[in-house]
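Single-structure report; data block below.
The values are calculated or read from the model by the stated rules, or taken from the named source; none is laboratory data. Keep in mind it's a predicted model, so treat the numbers as computed, not measured. Here the Cβ positions follow ideal geometry from the backbone for every residue, glycine too, while neighbour counts run over all protein chains shown.
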Amino acid sequence: MPSPKRIGKITFGLLSPKEIRTMSVRKIIWADTYDDDGFPYPQGLMDLALGVIDPGLRCKTCDQKAADCPGHFGHIELAKPVIHVGYTRLIRKLLRVTCRSCGRLLLSPDEIQKVSLTADDELGGEVLTEKDIKKERACPHCGELQLKVNFEKPTTFSEVLLEEGRKSEHKLTPADIRARLERIPPSDLRLLGINPDVARPEWTVLTVLPVPPVTMRPSIILENGQRSEDDLTHKLVDIIRINQRFKENQDAGAPQLIIEDLWELLQYHVTTYLDNEVAGCPPARHRSGRPLKTLSQRLKGKDGRFRGSLSGKRVNFSARTVISPNPNLSVTEVGVPLSIAVEMTVPVRVTTHNLEEMREFVLRGPERRTLRDPCGANYVIRPDKRRLRLGGDNLETIAEQLEPGYTVERQLRDGDIVLFNRQPSLHRMSIMAHRIKVMDGKTFRLNPAVCPPYNADFDGDEMNLHVPQTEEARAEAAILIAVQENILSPRFGGPIIGGIHDHISGIFMLTHDLRWFTKSEVLYLLKYGEIDHLPEPGRIDEDGTPRWSNKQVFSMILPSDLNMVFRASSCVNCDECRHVDCERDAYVRIVDGQLVSGTVDKKAIGAFDGAILNRIIRRFGMDRASRFIDDVTKLSIRAIMIDGFSFGIDDEDLSRTEHGQIEEELARAKDDVERRIRIFEEGQLEPMPGRTPEETLEMQIMQVLGKARDRTGEIAGRHLGLGNSAVLMAVSGARGSMLNLTQMAGCIGQQSVRGERIMRGYEERTLPHYRRRDRGADAHGFILHSYKEGLSPTEFFFHAIGGREGLVDTAVRTSQSGYLQRRLINALQDLKVAYDGTVRTTMGRIIQYHYGEDGTDPMKGSFGDPVDVKGIVESVLKEEV
Amino acid sequence: MLTDAMRDRIESSDFPPLTRQQLLDSLGDKEFSEEQFEEILEAVQNEFEETRIEPLEAVGVIAAQSIGEPGTQMTMRTFHYAGVAEINVTLGLPRLIEIMDARKEPSTPTMTIYLSSEFNEDRDRARMVSWQIEAAPLHEFGDITTDMENMQVLVAVNQAVLAKRKISMEMIVETAQKKIRDRRHYRDFEVEADPENHVIIFTPKDQEKYQNLFQLAEHVRNVIVQGIDDIERVVVRKESGEYILYTEGSNLKDVFEVPGVDTVRTRTNNISEIAQVLGIEAARNAIMAEALATLGEQGIKVDVRHIMLVADMMCMDGEVKQIGRHGIAGEKESVLSRAAFEVTVNHLLDAAVANEIDELNGVTENVIVGQPIQLGTGDVKLVAKSRT
C-alpha cells in the first residue's frame, strides 16, 4: 500500500484584486437569483457556472454533477473601493506610521536601525508599532507635515486639519486610503511585519469582491415549494443591488451628497457581509428580525467552522442509547441490543480463506429475529466500489457473485470489539474498548464496576458506541483502549475500575469475622466463577458435614501466590495495632493467596483504592486483574444475597434513651450559644487576634453547634452497630458516611451559606418568625431535627437555602472547570515523549530533558513511586513491611 | 540482615534516589537470606524497567486530563480556613484556576515566614520580628485629634506602644512624613515633633480650608509607619516546636530584608513575585507546590509528574506564562491551532497579512486537515514491504 498523501503546509496570504478576477468564473451583475421557471439567471448569484446544488443539473464550469462539483468563485466589481472591516486596525496603524504624501515610513534610516536592533527580530511578526513613531512630525524623507489620523468605528477614517488654530476633521474616503497605502514601499512594509509579496496593504481596501460558490451557500426548498436562500446570498443580493444603483448614479453624474450616501451604504453592506457583529454598526437582519449569520459568524465560536466542523466531526457507525447495569457481564464486555447489532456493520474483505463464510453471511441477509440467529450482512461492496444493499430477493444472486476483492458488511456479533463512550469525555478512560455481547432489550448493558471511569450511573444516562471499521483501528482498540488496559488511572497510578456500592457491602459481609459455609452454600457463592475444585474444608462438624470458612471462599478467587498486608478501610488507627487480633477485623493479611485475617472492603477491591487489585495488576498483569474484578463482583453479589441487604425508615430508629440524650445534648449546646451571646452583648467577649468581636462570636457559635451535631451522631452510632445497613455501608466504604447517618437519625445541624450561618433575609432577621437581632442558634439556620423526625417550617426554609447554594455551586463549577480543561488541553496537546526520553512539542522544542525527572510512567508507577518496593519486599519476605 | 555489601549495591544501582531509599528503609531491620535479597533486587529491576514511559506517549494530554478531570469534583468555596483560623486563603477550583492563569497577584496573598534559630524559639522574640513586618498605621501608636481651632492634627504618641514596638519618636516622624509624601502623594503639610509632651503636630500648608485639614488627618491616621505596606496582618503560631509567622498580604522582597527572617524556608503564594525575586526555577517549583497543595487539600490524588509538566510548560520561556489565550495557547506557531482555540477570525486575518505558514505539526492542525496526528501510534513511521 502506498503511504497516504500528506498535506505539507498551508500558507496564508491576502487575495489581490487580480487574483480574485483570475479565479472568478463569472462576473456577477444581477441581484436576482432565479427566474419565474425556477431557473438561475445567468450572471446572477446562482449562476450555473458557480457550481450546482440541484440534482440533475450540471455545472457549467466543470461539467460535473451536484455531488462532485466543488463549486467555483465569481466576482463583483465594486463601483468604488470599500474597506475590509477586519483590517481597520492595520489600516489605522499604517496611516499613522507612514507619510501622507510619499508613503515612506516616518522614521529616518538611523531611527529604523535603532528600532530594529532593539526589536526581537528572530520572532518576526510585529517589529514596529505605532509607539515607535513620534506624534506630530514632518516626514524625514519628503518633509511633508503629518496630520493626525482619527479612526471612528467601524470604518471611518479622517484627518485632523489645523486651520487658523481651529481643528477641523476631513474625512478620508476608502479611495484616498487605498491611494496612500499603495504608496508604501515594500521595504518599509517588511519592517512592519507585512510580506508585500503576498499581502499588499492596499488589498485590504476592496475593489472587487469574490462571490463564494453556490455550494457553500445552498438554498433550501421549504415544504410549500418556496425557496429559502442562505444568509450569505441575502447579503450578496444587498451588495449587488446597492452596487448597481451606485454605478447608475455615478454614470448619471449624481450630486456628491448622493454618491457619498451610496458609498457609505455599500460600505455598510460589505462590512456586515464580512462580519455582522462589528461594534458601532447595527447588525443586518433577516426579514424575521433575526441577525444574519455572515462570514465571520460562520467561523467563530463553539458551533463555528473551526470548533464545530473541523476540530470535531460527526461520524457514522455509531449508536446511542440508555445504559443499564448487568453484573453478570464481564467488565470487558458491553451488552448491545439486537436491534442495534443488526443495524451496525463491520466490513470484512472477502478472501479465498473466508469466501464460504462470507457467502453464508450474505445468504442470511439483514434479517435476524432472535439472539440465537447467527449474524448476517447488510451490504456488499463490489471491487468497483459499488455498494449493494442486501435484502429481499437479491441474496442468492449476490452470494453467487461473491469472490475475493469484494467486501461484505457483516452485522455485529458476540466478541466484536467496539468503542464505548460517555460524555463528558474528561479523561481517556471515558472511551474504552469493550467486547460485544448481543442481548435482548433496548439498552446498553455494562458491569457496574466500569462505572467509575465513565462516571456513569443508571438514572437515565445514555452512552455512545462506535464500531471501528479498519483492521488497524480494531488492533489499537484491542491493544491500547481495551478496558483491562485502562484499569489503572494515569492520574495517580492506582486502579480506577473496581467494586462499587453493593460489591463492597457484599464482600464486607462475606469476609467480616469468621463464618462457616456448607458445600452447597460455597457452590452457590462461587457458581459463576471459574473455580474447578474446592480446597480442603476448613473444619468438619461433629456430624461429619464439611465446612469452609468465609475467608477460604474469598481466597479461592485470589491468585495462589499473592502475599500482602494492609489495613482495611474499617481500621480506625488505634494507638497500638493489635494486628491479627484486631477487634474490628481490619488487619488484612494474605499469605500465599490465602486470606488469613481481616475484612475485604473498599480499601481492598474498591475503585480508586483497591489495594489487592493494585497488587494483582502489578504482579500478575492486567488480564488477571480484570478476571479478578469479574470474580470479585460476582462473588460479592452472591454473598450479599445470602443474608439479604436493605435499608429502610426503621433503620434510623433510636430508643427513647438515645432520643433523650440527643435532646439533652442539643439543649446544652443551645444554652452554651446563648451564654456566649450574652457575654458578647455585655461586651465582655475577648476577640481573636485580627477579628472583630462579632466574627469571633460567629466562629464560636459555629464550633459549638458543629460539636453538638457530631455528638448526636456519636450517640446514634453507639446505638446502631454493624447490624445497621447504613453503618455497614459507611464502615465498609460502600456508600455514605457516618455524617449522613447522623443527619438521618440524630440532627441535621447548621445550614450555611458561604461557610457562615445564614444571615440574609429580612431587615436584621432571617425570617419574620424571629425577633430582630436575634443571634440564637435556631434563628440562623441550625436544624435541631433529623431527617427522620422531619423539619419544622422555618428549618425547612433554612435547609432549602443551604441546598440552593449547593446547586448554584455545581452549575458554576462545571462551566469553570470545563473551560480550565479546554485551556489545559490546548496548551499541552502537542507534547510527546521523544525516543530519547525528552519531552518535546511536535515542533521539536524541548520542554523536559527527562520526563517527570525520572522517566516513570505515572500510570505504571505505583501511586507515584517508580517501583512498588513495599509490594515486592512484602511478597518475597511474606511479612508486613 | 542488610549487610554493608548489600547496602553498597543498592546505593550504587541505577535506580532513582527515591527507590534506593525505599529499598534501604524497607529492608533495614528485616531478616532475610542472600537469595531473597537477590530476588528482591531482580524484581525491583524488572519493575523499574517496566514502568519506564514509552516513546511517543502523549504526556501533555494525559497531564491536562489528569488536572482538568478532578476539577469537576472540587469545591467552589472561595474562602476556607487553612491551618490558621485567622487567615483566609482561596482554595479549591478558584485557586487552581488562579495558578493556571498566572495572575500577577493572587486574590488572597499570604506568606509563611520562618524565623532564624535565634528568633523562632520564643514567642516574644518572634513577635519582635513580626512588628517589623506587620504594617502598622500611625493611629495604632496613639490618639489622633484634629484641632480645628489651630488647624492642626495632633498625634499623642503612646510611650508604652513605642517601647513595646521598639521604635523611637524620631523614626515615626521621619517615616510618617516620608510615606505621606511619597506613597500617598500628599505634600502640602509640615511636621513638628514635640518630644517632651510626646506629641507630633501636622499642619497643612493651606490654612484656609477645613477640607485640607480633614484630608491631612485621614492621611495621618492611616500612614504606615512601621512594617511592610503590603502585609496587613501577621499571626504568630507555634508549629512543630518553632514559632512561624503567617501573614495576610505578601511582599517577598521586603520581608527577606527584615533581620531574623529565615530566607531559605520562607515562602509566599504569589507566584509572579517568586519569579521576580528568586527566578524562574523557583517559580516553577512554586507552581508545582501550590497546585499540589490545592489539589491535595481537596483530597484529590494527582501524580507530581503531570503538574511538573504543566509548570515546565508555563515557565519554558523564562517568564511565567498563562495557560490560555494570553499565554501558551496564544503564542503557538500554528495558525490553525490558534484559530481553533479562541478569537478565530482575528488570528486568520493577521496570519494573512504576515504571510504565516502552518507547517501542520501539531494535533489540532492535523485533525482539521484530516490526517493522522504526530503522537502515539500516529507517529510511528513504519511501512511493511509487500511480499511481491
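Brief remarks follow.
- Region A:644-673, residues that are outside any helix (DSSP H, G or I) and under 30 Å from A:Leu525 (Cβ atoms): A:Gly644, A:Phe645, A:Ser646, A:Phe647, A:Gly648
- Only one of the numbered conditions (1) within 14 Å of another protein chain (Cβ to nearest Cβ); (2) over 26 Å from A:Leu236 (Cβ atoms); (3) surrounded by 18 or more Cβ atoms within 10 Å (Cβ to Cβ); (4) of a type outside the set (Asp, Glu) is violated by A:Ala319, and that is (1).
- Of all residues making up region A:837-859, the number that are closer than 28 Å to A:Arg619 by Cα, more than 25 Å from the chain's Cα centre (by Cα) and assigned to a loop (DSSP other than H, G, I, E, B): 4
- Being within 14 Å of another protein chain (Cβ to nearest Cβ), in contact with a helix residue (DSSP H, G or I) (Cβ under 7 Å, 6 or more places away or on another chain), surrounded by 16 or more Cβ atoms within 10 Å (Cβ to Cβ) and touching a residue at least 12 places away in the same chain (Cβ under 8 Å) is a description that does not apply to A:Ile242.
- Test: residue in region B:56-71 that is surrounded by 14 or more Cβ atoms within 10 Å (Cβ to Cβ), at pLDDT 85 or above, under 24 Å from A:Arg619 (Cα atoms) and in contact with a Phe, Trp or Tyr (Cβ under 7 Å, 6 or more places away or on another chain): no
- When B:Ala283 is tested against the conditions (1) in contact with a Pro (Cβ under 6 Å, 6 or more places away or on another chain); (2) buried (at least 22 other Cβ atoms within 10 Å of the Cβ); (3) more than 8 Å from chain A (Cβ to nearest Cβ); (4) of a type outside the set (Phe, Trp, Tyr), the lone failure is (1).
- Residues satisfying the stated conditions in region B:113-164, i.e. surrounded by 19 or more Cβ atoms within 10 Å (Cβ to Cβ) and on the phi > 0 side of the Ramachandran plot: B:Gly142
Condition check ((1) within 23 Å of A:Ile616 (Cα to Cα); (2) surrounded by fewer than 18 Cβ atoms within 10 Å (Cβ to Cβ); (3) at pLDDT 90 or above) across all residues:
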site: A:Lys551; (1), (2), (3): yes, no, yes
site: A:Ser555; (1), (2), (3): yes, no, yes
site: A:Leu558; (1), (2), (3): yes, no, yes
site: A:Asn563; (1), (2), (3): yes, no, no
site: A:Ala568; (1), (2), (3): yes, no, no
site: A:Asn573; (1), (2), (3): no, yes, no
site: A:Glu583; (1), (2), (3): no, yes, no
site: A:Val588; (1), (2), (3): yes, no, no
site: A:Asp592; (1), (2), (3): yes, yes, no
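- The strands (runs of 3 or more DSSP E) found wholly in region B:221-269 and carrying at least 1 residues that are within 14 Å of chain A (Cβ to nearest Cβ) and among the hydroxyl-bearing types (Ser, Thr, Tyr) occupy B:242-248.
- Count of region B:177-214 residues which are in a helix (DSSP H, G or I) and under 13 Å from B:Leu154 (Cβ atoms): 1
- Flag if A:Thr814 is surrounded by fewer than 21 Cβ atoms within 10 Å (Cβ to Cβ), within 7 Å of another protein chain (Cβ to nearest Cβ), polar (S, T, N, Q) and assigned to a helix (DSSP H, G or I): yes
- So A:Gly790, is it touching a residue at least 12 places away in the same chain (Cβ under 8 Å), of a type outside the set (Phe, Trp, Tyr), more than 10 Å from every other protein chain (Cβ to nearest Cβ) and surrounded by fewer than 17 Cβ atoms within 10 Å (Cβ to Cβ): no
- Candidates are the residues of region B:374-388 that are within 15 Å of A:Asp830 (Cα to Cα) and small (Gly, Ala, Ser); the one that is farthest from the other protein chains (Cβ to nearest Cβ) is B:Gly378.
- If the condition is being hydroxyl-bearing (Ser, Thr, Tyr), part of a loop (DSSP other than H, G, I, E, B) and surrounded by 12 or more Cβ atoms within 10 Å (Cβ to Cβ), then region B:1-54 contributes B:Ser13, B:Thr51.
- Selected residue [closer than 24 Å to A:Lys634 by Cβ, surrounded by fewer than 19 Cβ atoms within 10 Å (Cβ to Cβ) and small (Gly, Ala, Ser)] from A:Gly415, A:Gly460: A:Gly415
- Scanning region B:348-383 for residues that are in contact (Cβ under 8 Å) with a residue 40 or more places away in the chain and not in a helix (DSSP H, G or I) yields B:Leu375, B:Val380.
- Every condition in (1) closer than 15 Å to B:Ala217 by Cα; (2) part of a loop (DSSP other than H, G, I, E, B) is met by B:Ile167 except one, and the failing one is (1).
- Residues within region A:529-560 that are out of contact with any Gly (no Cβ under 9 Å at 6 or more places or on another chain) and assigned to a helix (DSSP H, G or I), tallied: 3
- Test result for A:Asp63, on the phi > 0 side of the Ramachandran plot and not hydroxyl-bearing (Ser, Thr, Tyr): yes
- Unique residue being surrounded by 21 or more Cβ atoms within 10 Å (Cβ to Cβ) and more than 28 Å from A:Leu94 (Cβ to Cβ) when the list is A:Pro213, A:Pro201, A:Pro218, A:Pro255: A:Pro213
- Of all residues in region A:843-859, those being buried (at least 20 other Cβ atoms within 10 Å of the Cβ) and either more than 7 Å from chain B (Cβ to nearest Cβ) or closer than 15 Å to A:Ile496 by Cβ (or both) number 2.
- Against the test of being within 14 Å of chain A (Cβ to nearest Cβ) and without any contact (Cβ under 8 Å) to a residue 24 or more places away in the chain, the options B:Leu93, B:Leu162 yield a single qualifying residue, B:Leu93.
- Region B:321-347 - residue that is in a loop (DSSP other than H, G, I, E, B) and within 7 Å of chain A (Cβ to nearest Cβ) and, of those, surrounded by the most Cβ atoms within 10 Å (Cβ to Cβ): B:Ile323
- Only one entry of A:Ile487, A:Ile479 meets the criterion of being buried (at least 20 other Cβ atoms within 10 Å of the Cβ) and within 26 Å of A:Ile617 (Cβ to Cβ), and that entry is A:Ile487.
- Residues of region B:361-373 classified as facing chain A (nearest Cβ under 7 Å) and surrounded by 21 or more Cβ atoms within 10 Å (Cβ to Cβ), total: 4
- The lone exception for A:Arg676 - which of (1) surrounded by 15 or more Cβ atoms within 10 Å (Cβ to Cβ); (2) within 14 Å of chain B (Cβ to nearest Cβ); (3) assigned to a helix (DSSP H, G or I) it fails: (2)
- Only one of the listed residues (A:Ser296, A:Ser330, A:Ser288) is surrounded by fewer than 16 Cβ atoms within 10 Å (Cβ to Cβ) and not in a strand (DSSP E or B). That residue is A:Ser288.
- Residue selected from region A:686-721 under the condition loosely packed, with under 14 Cβ neighbours inside 10 Å and of a type in the set (Lys, Arg), by the criterion farthest from the chain's Cα centre (by Cα): A:Arg718
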